[in-house]
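What follows is calculated from the coordinates using simple rules that are stated; it is not laboratory data. Because the structure is predicted, anything quoted here is derived from the model rather than measured. Counting neighbours? That spans all protein chains shown, and the Cβs are built from the backbone with ideal geometry, glycine included.
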Amino acid sequence: MLITANDPKRKSWLNVDKNSDFPIQNIPFGVFLTRDDIITIGTRIGDYAIDLGAFHQLGYFDGIPLTDDMFLQDTLNDFIADGRKTWRLVRNRIADVFDSTYSALRDNEEHREKIIFKIEEVEMLLPVSVGDYTDFYASKEHATNVGSLFRDPENALLPNWLQLPVGYHGRSSSIIQSGIPVRRPVGQSRPNEGETTPNFGPSKLLDFELEMAFITTASNNLGERIPIEEAEDYIFGLVLLNDWSARDIQSWEYVPLGPFLGKNFASTISPWIVTLDALAPFKVDNPEQVHTPLPYLQVEGKKSYDINLQVGIKPENATETIIVNSNFKYMYWTMAQQLAHHTVNGCPVNAGDMMGSGTISGPTKDSFGSMLELTWKGQHPITLNDGTQRKFINDNDTVIIRGYSKNNDVRIGFGECVGKVLPANK
Ligand code: CA
């Protein structure tokens, strides 16, 4: 089916700023609370939130097989479970109705009032109920940097890393939407030199991780696998992800089973899921891999995406400083490889599962995706615009992640993934 929603020539009758992340070609999906206290599934064009529950009730999806309450829900899970054909029909139809050549809704004030809200009038909620959350570790630069800092610079990259997309099972209960504050975690950390009792208290090394995450539809049954050439059919879309990490808790607890309480206190995601379809124009060549991977991880065609990523820190009562400029295309393992690997043993993947990319670090120092790497474990603090220095994240700092793709025709963005750090509970 043609993705007519992506036509770069389209213009909407809604006003869209040329630098907006949300032109009519984007049509992301999210969940919000309206000024009338109704929770609905919606999309966004420019600075307008569009209530798809009302849009459907008023007949604008006529001819597309959808259940009556498909969009009158507090998560996107059922819509995602309907599969790629439905996503495409729905995106194409929304694009048509808001296209400048189409007048039915534009000229119907009563309908417009029910369907269209100013973005500041709605409150964004978590878009999906995440059943299972997996986090990968798929940036070669990040794995090399962390291996050097935590273990041994001579053997930074372990031998398995170049042969498979390393990952672990995270916790979905602490996935939160952009805007919800994050409480500094408390926990154990390494004992002081010469002592055996570990330290205990608020984390002193609280960090962000610049990641993206993809949301899946139901993909395979128990015992079956997803062939890599089909993997992208099961990816609904992507969000920005800040996988908050407490480095002092992490480095003490992680041997031998991997990340645990240093990671699972909060993971912040951006509220709009940008579909893989909307990102299709931004496919780029996959990174060259050191070893030819095993056949189940080999794939033809472009599976990497050119998405600019940025991280800023905003201290309380001060302006924001941009501290990272990176790109999703730096990932060594692609999403298709990650999903094929995840299911090769027959592990089922469900609608609404979330897979984090792992921290995205690029080749240059300003493209490292965590404070751990940017300050080299605190050895080289960063100076912010207000003159203060940071080795890690302070209380009352706000961390902001942004992401967008851009070519000569169109800019498709994600908006912001924002989290403010609150002091630890006493
Ligand atoms: Ca992570």
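Given an 8 Å cut-off on Cα distances and at least 6 residues of separation, report the relative contact order of the stretch 272-426 as a percent. Before the final figure, lay out each step's value.
Working: 245 pairs, mean separation 37.2, N = 155.
This gives 24 percent for the stretch 272-426.
Quick check: Cα centre of the stretch 156-194 to Cα centre of the stretch 250-268, how many Å?
When both Cα centres are located, 4 Å separates them.
If the only charges are +1 at each Lys and Arg Cβ and -1 at each Asp and Glu Cβ, what is the size of the charge dipole of the stretch 244-344 around the Cα centre, to the nearest 20 debye? Spell out each step's value before the answer.
Values: 7 positive and 9 negative charges, 16 e Å.
Here the size comes out at about 80 debye.
Would you order Trp272, Trp161 from fewest to most other beta-carbon atoms within 10 Å of each residue's own beta-carbon? Before the final figure, lay out the partial values.
Values: Trp272 30, Trp161 19.
Ordered by Cβ neighbours within 10 Å, fewest first: Trp161, Trp272.
Can you flag which of Lys114/Lys406; Lys329/Lys420; Lys314/Lys406; Lys18/Lys263 are past 30 Å Cα-Cα? Walk me through the numbers before you get to the answer.
Details: Lys114/Lys406 32 Å; Lys329/Lys420 27 Å; Lys314/Lys406 25 Å; Lys18/Lys263 38 Å.
In this structure, Lys114/Lys406; Lys18/Lys263 lie more than 30 Å apart at Cα.
As a test, work out the antiparallel percent of DSSP beta bridges whose residues both lie in the stretch 146-279, rounded to the nearest 5.
85 percent
Beta carbons within 10 angstrom, averaged per residue: use that to sort the peptides 391-401, 179-189, highest first. All intermediate terms of the calculation are to be shown ahead of the outcome.
Numbers: 391-401: 20.4, 179-189: 17.5.
By packing density, highest mean first, the sequence is 391-401, 179-189.
Run the numbers on the stretch 282-342 and let me know its relative contact order in percent, using alpha-carbon pairs under 8 Å that are six or more apart.
Details: 84 pairs, mean separation 23.2, N = 61.
Once normalised by length, the contact order is 38 percent.
With all pairs of different alpha carbon atoms counted, what Kirkwood hydrodynamic radius in Å does the chain show?
Numbers: mean 1/r = 0.0448 Å⁻¹.
Result for the chain, one decimal place: 22.3 Å.
Taking neighbour Cβ counts within 10 Å as the exposure measure, how do Phe117, Phe200, Phe236, Phe150 sort from fewest upward?
On the way: Phe117 22, Phe200 9, Phe236 25, Phe150 15.
Neighbour counts put them in this order, fewest first: Phe200, Phe150, Phe117, Phe236.
Which residues make up the longest stretch of the chain that has no GluC sites (Glu not before Pro) in a DSSP loop with at most 16 other Cβ atoms within 10 Å?
Working: sites that count: Glu193, Glu195, Glu224, Glu288, Glu300, Glu316, Glu320.
Free of exposed loop sites, the longest segment is 1-192.
Between Lys11 and Thr67, what is the label-point separation in nm under the 7 Å Cα-to-beta-carbon projection?
A separation of 4.1 nm, rounded to one decimal place.
May I ask you to derive the relative contact order of the chain, considering only C-alpha pairs under 8 Å and at least 6 residues apart, and to give it as an integer percent? Provide the component values of the computation, followed by the final result.
On the way: 1018 pairs, mean separation 87.8, N = 426.
It rounds to 21 percent for the chain.
Taking only Cα atoms, what is the 0 to 90° angle, nearest 10, from helix 140-150's long axis to the longest principal axis of the chain?
It is inclined by approximately 30 degrees.
Give me the percent of DSSP beta bridges within the chain that run antiparallel, rounded to the nearest 5. Intermediate values should be presented prior to the final figure.
Details: 64 of 72 bridges.
The antiparallel proportion sits near 90 percent.
Using only Cα atoms, find the angle between the long axis of helix 84-97 and the longest principal axis of the chain, and express it within 0 to 90 degrees, rounded to the nearest 10.
For 84-97 against the chain, the angle is about 60 degrees.
How far apart, in nanometres, would the label points at Asn155 and Leu2 be if each is projected 7 angstrom from Cα along the Cα-to-Cβ direction?
With each label placed 7 Å out from Cα toward Cβ, I get 5.8 nm.
Fewest Cβ neighbours within 10 Å first, please rank His341, His169 accordingly.
By the 10 Å Cβ count, ascending, the order reads His169, His341.
Calculate, in nm to one decimal, what Val290 and Lys420 gain on full extension: separation in residues at 0.36 nm each, minus their alpha carbon distance.
Numbers: separation 130, 0.36 × 130 = 46.80 nm, distance 3.90 nm.
Stretched fully, the Val290-Lys420 segment lengthens by 42.9 nm.
Mind telling me which of Thr216, Thr364, Thr321 comes out most flexible in a GNM of the chain, alpha-carbon contacts under 10 Å?
Thr364
Give me the number: length gained by fully extending Asn199 to Ala280, i.e. 0.36 nm times residue separation minus the C-alpha to C-alpha distance, one decimal in nm. The partial results should precede the final answer.
Details: separation 81, 0.36 × 81 = 29.16 nm, distance 4.86 nm.
Fully extending the segment from Asn199 to Ala280 adds 24.3 nm.
Test of understanding: what is the full-extension gain from Gln379 to Gln188, defined as 0.36 nm times their sequence separation minus their Cα-Cα distance?
On the way: separation 191, 0.36 × 191 = 68.76 nm, distance 2.24 nm.
Additional length available on full extension: 66.5 nm.
Under a point spin-label approximation (7 Å from Cα along Cα-to-Cβ), what is the Ser100-Asp37 distance to one decimal in nm?
Each label point lies 7 Å from its Cα, and together they span 4.1 nm.
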